[in-house]
Amino acid sequence: MTAHHTDKCTCGFLQVFFVRIGGRMILSSKTVLTEYTIRSPKIARPLSIALAADLHSRDPHEALDLLALAGPDLAVVAGDLLDHPWDDTANACAFLKGAARICPTFYTMGNHEFDGKTVDSMDCESLGVVRLENRSVEVCGISLGGYSDFAGGLDFARAFSEGPGFKALICHRPELYKKELADLDIDLILSGHAHGGQIRVFNRGMYAPGQGVFAKYVFGVYDGRLVVSRGLANSVPVPRLFNPTELVIVDLLPENE
């Protein structure tokens, strides 16, 4: 979502497209819990990962309630906690602090935190959260890395892919999968950014930043390893249609379980 002017123009198109179906508007307002299962011979025991993305400075309490209900082994936050880098950070900090009380939590910035200075001021460590920007950690028997949305991400991903064991990468923008990540030996890529395509028609998203109209990578699981969240909130004035906000749970299982 680097081309902000394009996004604004497209909002106008979507506002014209979005009107009524059967005389009433069909909106998606309640955040849902979505669960996917991925099996791998590199997984020795079941592991549950929560994927949260695109809070955009909104109230975090519904998402935190769902996270507590799911009770995952760990949580990853795939960027855009803030709507703008100059936003008040209270909701973003409340989400991170609340998530860290539920399970180990790891955060990588998205394009909306583009200067990084506001995130620096949030002091993730004091909130109990590990920030991953072009670095990785070993947790729960896997390697977990964060692809920086600003600089050096591809170089890091290439080096990360050469490591042993099961490798999971937080990468905010799913359009980078085909361009940069598909040929790398990375077992799981966790993304957001696309907002589910904003409006779903015949189970396809109408538009996603960085991908355009009828985008490919907007929600769900692709190639058995790219998981894209619809996100936790809107960042544009266009309502969602057949496209609820969500918290995603990825259940990693041994291949034969």
Next on the checklist: If Asp155 satisfies all but one of (1) surrounded by 18 or more Cβ atoms within 10 Å (Cβ to Cβ); (2) at pLDDT 95 or above; (3) more than 28 Å from Thr37 (Cβ to Cβ), what's the number of the condition it fails?
Outcome noted: (1)
Next on the checklist: If the requirement is being buried (at least 24 other Cβ atoms within 10 Å of the Cβ) and modelled with pLDDT of 95 or more, which of these qualifies: Ser143, Ser191, Ser161?
Outcome noted: Ser191
Next on the checklist: Taking the criterion of being modelled with pLDDT of 90 or more, more than 14 Å from the chain's Cα centre (by Cα) and outside any loop (DSSP other than H, G, I, E, B), would at least one residue in region 1-21 satisfy it?
Outcome noted: no
Next on the checklist: Tally up the residues in region 194-218 that are among the hydrophobic types (A, V, I, L, M, F, W, C), over 15 Å from Lys178 (Cα atoms) and in contact with a strand residue (DSSP E or B) (Cβ under 7 Å, 6 or more places away or on another chain), please.
Outcome noted: 4
Checklist entry - How do the strands (runs of 3 or more DSSP E) wholly within region 144-257 filter down when requiring 1 or more residues that are without any contact (Cβ under 8 Å) to a residue 60 or more places away in the chain, at negative phi and under 18 Å from the mean Cα position of the chain (by Cα): which remain? => result 167-170, 188-191, 220-222, 226-228
Next on the checklist: Checking Leu55 against (1) without any contact (Cβ under 8 Å) to a residue 60 or more places away in the chain; (2) hydrophobic (A, V, I, L, M, F, W, C); (3) crowded, with 24+ Cβ neighbours inside 10 Å; (4) over 11 Å from Thr118 (Cβ atoms), only one condition comes out false. Which one?
Outcome noted: (1)
Checklist entry - So, of the residues in region 98-134 that are in a helix (DSSP H, G or I) and touching a strand residue (DSSP E or B) at 6+ places or on another chain (Cβ under 8 Å), which turns out to be nearest to His56 (Cα to Cα)? => result Val119
Checklist entry - Could you say whether any residue in region 77-85 is surrounded by fewer than 24 Cβ atoms within 10 Å (Cβ to Cβ) and more than 20 Å from Asp149 (Cβ to Cβ)? => result no
Next on the checklist: Against the definition (modelled with pLDDT under 95 and farther than 21 Å from Gly141 by Cβ), how does Ser235 come out, yes or no?
Outcome noted: yes
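The values are calculated or read from the model by the stated rules, or taken from the named source; none is laboratory data. This one's a predicted model, so the numbers in the text were calculated from it and none came from an experiment. No Cβ is skipped: glycine too gets one built from the backbone with ideal geometry, and neighbour counts run over all protein chains shown.
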